[in-house]
Each structure stands twice: as C-alpha cells, then as structure tokens.
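The values are calculated or read from the model by the stated rules, or taken from the named source; none is laboratory data. Remember, it's a predicted structure, so these values are computed and weren't measured experimentally. Methodologically, a virtual Cβ is constructed for each residue, glycine included, from the backbone with ideal geometry; neighbour enumeration extends over all protein chains shown.
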Amino acid sequence: MSYTYLQVEIAEKIATVSLNNPPGNSLKMPLLQELDRLLDELHANAEVKVVILTGAGKLFASGADIDEIGKLTSKDQAKEMSAFGQKVFLKLENGPKPVIAAINGFCLGGGLELAMSCHIRVASDRALMGLPEISLGIIPGFGGTQRLPRIVGASKATEMILAGDQVRSEEALAIGLVSKVVPKDTLLDETRKIALKMTSKSSLGMAQALQSIAKGLQADMKTACDIESTCFSNLYGSHDMKEGVSAFLEKRKPVFQDR
C-alpha cells in the first residue's frame, strides 16, 4: 500500500493508520480520497481484523482544509465537499472491522468528525476536542451535527457546536465522547491492548455486532431488536459459531477461523 497522506503499518492483524499531512494533518480532499481507497483495501484484507487510526506527529487532525473551503465558488461545490467527506466517514462507521481512534493531540472540526465515525475512541491526556466551525461562519459538514448529539446528548452537543467550545480529555471522558484517557506516551500501546483483545475474536461475529449496533442506533427499539435477531441468526451454522460453543463446553479457548 502506497499513500502520500497516510502511513500504514500492519502487524498482528492490526492495521495502524496515521494521518500524515503536516503541520496540522488537515483533511484535504486528496487525503480523504486516499482514506476512501484505503478503507476498501483494509476491508478486503483477511490479514487485518482491527484498525487503529491516529495522527502522525503531535496531533490527530486540525480539521478540514480551510484553504480548500475558502476556494469554493458555489453552493454546489460546498455540498459536494460535504457529501464526499460524509461518504468516507459512513464507509468507516459502517465497515465490517472495528476502528479505534487513538486521539494523540488536537482533534478539531473534521478531525473530531472523523474520530466520531470510529467505533471506539481512546484519548491522550493531552488531547483537545471540539467543533469550532461556527467561529468561521460555517457548521460541521462531515456528519458532526449528527454524530455528536448521538454520542453526548443533544444539549451538550448543541452547546459545543453553537459556542465552538473545545473540551479536554477528562471532560470528553465524562460526557462519553471518548471511552478511555491514558498518558500520551502510552496512547498507542494502550490502544493496541484493546485491539489485540479483538484480534482473537471471530471477524464474522465482530462484523455482525458492528452492523447490529450501527443499524440499531438509527431505529426504534422494536426494529432495533429485529435487526439484532437477524444479525444473531446470520452467524448460525458458521464454523466460528460451532467452534465457540464447542470450546466453551470443552473448557478451552476457541480457535476462530473467520468463517
């Protein structure tokens, strides 16, 4: 895999992807296009079970490329930019493999929108998160106005979006924006520990769990439970389901084959 704006390392069934667009790791369109292509490749790669997404250098991502936004000449161009970013982030969010954001520093605007599309977020104790677009006379356009209320609740999300407020790691943990805060020097090690727990699980089971969670969050409880039943039954008869049940009954660790 060769990319200009992304660094990719694969080891122990974990793909570690670093945004690499110094100095701010801004999400310019060529970077998003590379991420779109990379997601297709990682989803199809049987040697990858979990993805870690982080930023090269001292920060995660400063946001969308303001220079690109300033060069837009029409509402149609603005909508096209927004729609493409949303498409890429939805591909990440709805993909079959868990993606963990390792937020190593500033994570603002489009950077936070990208992190929110990941399934799990782990933050450095030096991280700073927010959606400051309102200060530029615009609003988040890559899904931020939709994901943030779903994650932290409508009241806090509205306050953050309308005031352009930024939160530090401990507050992000308190409001549920991240699931864990760790010292900056141990961020990737701690994130890998989470990922390694998942690499021993069945990819089939994880994919169905992710699908059940993602689709269920958009539905009423009855419909969501129906979705869960379908995802549960999709695993019936698979090798990994049989192996998991047999291993439990035989009091041994299962050896999944992702089939």
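So which residues in region 210-259 are touching an Asp or Glu at 6+ places or on another chain (Cβ under 8 Å), surrounded by 17 or more Cβ atoms within 10 Å (Cβ to Cβ) and assigned to a helix (DSSP H, G or I), if there are any at all?
Residues satisfying the conditions are 212, 216, 240.
Each row is one residue, and each column tells you yes or no for (1) free of Cβ contacts under 8 Å to residues at least 12 places away in the same chain; (2) out of contact with any helix residue (DSSP H, G or I) (no Cβ under 8 Å at 6 or more places or on another chain); (3) assigned to a helix (DSSP H, G or I).
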{"site": "2", "(1), (2), (3)": "yes, yes, no"}
{"site": "8", "(1), (2), (3)": "no, no, no"}
{"site": "15", "(1), (2), (3)": "no, no, no"}
{"site": "38", "(1), (2), (3)": "no, yes, yes"}
{"site": "47", "(1), (2), (3)": "no, yes, no"}
{"site": "58", "(1), (2), (3)": "no, yes, no"}
{"site": "72", "(1), (2), (3)": "yes, no, no"}
{"site": "92", "(1), (2), (3)": "no, no, yes"}
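Which is within 27 Å of residue 67 (Cβ to Cβ), at pLDDT 95 or above and in contact with an Asp or Glu (Cβ under 8 Å, 6 or more places away or on another chain), of 118, 107? Before you say what the answer is, go through the steps one by one.
Working: 107 fails: in contact with an Asp or Glu (Cβ under 8 Å, 6 or more places away or on another chain).
Among 118, 107, only 118 is within 27 Å of residue 67 (Cβ to Cβ), at pLDDT 95 or above and in contact with an Asp or Glu (Cβ under 8 Å, 6 or more places away or on another chain).
Suppose we filter 120, 100 for residues that are hydrophobic (A, V, I, L, M, F, W, C), crowded, with 22+ Cβ neighbours inside 10 Å and within 19 Å of the chain's Cα centre (by Cα); which single one remains?
Within the list 120, 100, the selection yields 100.
For region 138-157, give me each residue that is among the polar types (S, T, N, Q) and closer than 28 Å to residue 77 by Cβ.
The answer is 145, 146.
For residues in region 232-259 being touching a Lys or Arg at 6+ places or on another chain (Cβ under 8 Å) and hydrophobic (A, V, I, L, M, F, W, C), which is farthest from residue 47 (Cα to Cα)?
247
So residue 177 ticks every box in (1) in the same structural domain as residue 99 (by TED's automatic domain parsing); (2) crowded, with 17+ Cβ neighbours inside 10 Å; (3) in a helix (DSSP H, G or I); (4) in contact with a helix residue (DSSP H, G or I) (Cβ under 8 Å, 6 or more places away or on another chain) but one. Which box is left unticked?
(3)
Residues checked against (1) more than 18 Å from residue 113 (Cα to Cα); (2) in contact with a helix residue (DSSP H, G or I) (Cβ under 7 Å, 6 or more places away or on another chain):
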position: 18; (1), (2): no, no
position: 23; (1), (2): yes, no
position: 35; (1), (2): no, yes
position: 50; (1), (2): yes, yes
position: 61; (1), (2): no, yes
